[in-house]
1. In peptide A:34-47, how many Cβ atoms from other protein chains are near each Cβ within 10 Å, on average?
2. In chain A, what GluC sites (Glu not before Pro) fall in a loop by DSSP, with at most 13 other Cβ atoms inside 10 Å?
3. Among B:C107, B:G244, B:V260, whose Cα lies farthest out toward the positive end of the dipole of the protein assembly as shown, if unit charges sit on the beta carbon of Lys, Arg (+1) and Asp, Glu (-1)?
4. Calculate the FRET efficiency for B:E160 and B:R322 from the Cβ-Cβ distance with a Förster distance of 56 Å, rounded to the nearest 0.05.
5. Volume per residue, Å³, of the convex hull around the alpha-carbon atoms of the range B:291-351?
6. Give me the Å³ per residue figure for the convex hull around the C-alpha atoms of the range B:265-383.
7. Applying the Karplus parametrisation 6.51 cos²θ - 1.76 cosθ + 1.60 with θ = phi - 60° to the phi angles of the range B:357-373, what ³J(HN,Hα) value in whole Hz is obtained for each residue in order, glycine and proline being reported as x?
8. Can you give the local net charge around B:L204? Use residues other than it whose beta-carbon is closer than 9 angstrom to its beta-carbon, Lys and Arg +1, Asp and Glu -1.
Amino acid sequence: MVTLIEEPVDVSAVFRGGKLSPTAFMWEGRGYRVRRVLGTYRVVKGRYLELYYSVMSESPEVYELRFSTEGMSWSLVRVHTED
Amino acid sequence: MRFAADAFNREGTAMTQYSMRGLLQAADLGRTAGERCILHLDMDAYFASVEQRDVPIYRGRPLVVCHTSSDFCSHGVVATASYEARRWGIKAGMSVWEARTRCPRACFVHADIPKYLDSARRILRVCERRSHRVEVFSIDEVFLDLTRLLKARAGDGRWEAALEMGRALKEDIRRELSLTASVGIGPNKLVAKMASEFQKPDGLTLVLPEQLPGILAPLAVNKLVGVGSRMRRNLGAMGIETIGDLARTPVEVLEWKFGVIGRLLWRGAWGRDDSLVGMSGQDHEVKSFGHSLSLRRGTGEVDLLENTLLGLCEAVTRRMRREGYLGRTVNLRLRVGYAMGYARAMTLGEYTDLPSPVYSAARDLLRREASSGIWLEPITTVGVSVSQLRRGEGGRQVTLWDCLDPREEKLTAALDALRDKYGEGVITRASLLGEFSLSGMNLAR
């Protein structure tokens, strides 16, 4: 099941090899360590760039994070969960 | 069923205005089929495969990717179904409601067009490493012309080398994108495309020119590219059930019944296709700007088609303004069913880059076609392009249109400024909200 979230989140990320990659994020007061980045893609929106990351933490859920150069902000876009 | 070679020589004059989705153009008749080696790459359940790749909990489960404006995927249409979902009879174009009825336990997710476009660009880069001539046919289909690469090879070695290239291409895509693709190889685009359907998913099929009669003849006629359900019914009423039956039917009879489409179908039944693999993404002189939209199941509703046209004209003129071109000839392209594609054009009195005059011309062309009675099947693709271009440097000439409605230029400039800053989706006409906004076209840069 997919749940649309669209909420700003705090994210720790690293720049490595010319790429940005999230390592942990905080959502609803709980910390999630990024164990695996499953996929990434980018969208150009006007003058701004949006980077999307599908990430997994400890559980099977997949979280889609978005980094936007507009305001240099991170958001949790949606969560894919088992029914 | 024998396919006689001399029947191939019964071609008439070239019909350049008509095409069978670009596959059956009668141009370049000087080539013989055996000279070429074409590869067609077709990604397997593309949207669903990308989602299953990125979200492990969807792997091995029925997954339905939907075009829908509903947060909960409660309505809309199925964009792609995973192979697990297809076992429940779910397929693209079906309503989400019906898909939910067939498999309530399936996972339903929104189509994420920018994500699929990103992967499609990466797939294209892989293909461009393998061939000098690559044509993007759709978001998940690519043609590669291997002819020049295999020129030095002779006889069977040429086709074996093509198979090896097909294997290598599939392996590259699997390794770099974690996706599977089916590959068809044949002497032309039509045969290569049909071959890629023979072994799905993850297939690799070669159809040699000499195998064409034996392979095509026994197939049901709807396996031929260009034959949809309605055309199949029409052909069935004539006793034509297989591609072999179609090839045996005198071309004059098919032309009498279906017009120019009859000849195109007859050529297809013989495995004939002389169209070239077009180049994409190359630096070349811009001759036109165009956009088209596939309408899945198709429609004959003129209001819906006009609304679609409006969105296309907005997108086309937006690109023209961004790249500094004015144009004068408006071309309307329509695909009726799957087989029949044709175009109509109108030349404006003035050069323009504004949406209204382009839309007015395209709409007039559409209305004329709608009343012509030529649409035997629903319209499945609408396309608009503007040609006869010139650079817009030095300012745009004040036109009669500007005098009639001077506000449009100012409004368009304001909209462009907003879109330049915040992206294409930041503002749109209210009439284009809804299904059109889901197409992803308005997101493309």
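None of the figures in this text is laboratory data; all of them are computed from the coordinates on show. Only a predicted model underlies this, so the values are computations on that prediction, with no experimental measurement involved. Every residue, glycine among them, receives a Cβ derived from its backbone with ideal geometry; neighbour counts consider all protein chains shown.
1. 5
2. Working: sites: A:E6, A:E28, A:E50, A:E58, A:E61, A:E64, A:E70, A:E82; in loops: A:E28, A:E58, A:E61, A:E70, A:E82.
Here the GluC sites (Glu not before Pro) that fit, given the DSSP loop and packing criteria, are A:E28, A:E58, A:E82.
3. Checked the options; the winner is B:G244.
4. Step by step, r from the Cβ atoms, then E = 0.75.
5. 92 Å³
6. Hull volume normalised by residue count: 131 Å³.
7. x, 5, 5, 4, 5, 5, 5, 4, 4, 4, 4, 5, 5, 4, 8, 7, x
8. Result for the neighbourhood of B:L204: +1.
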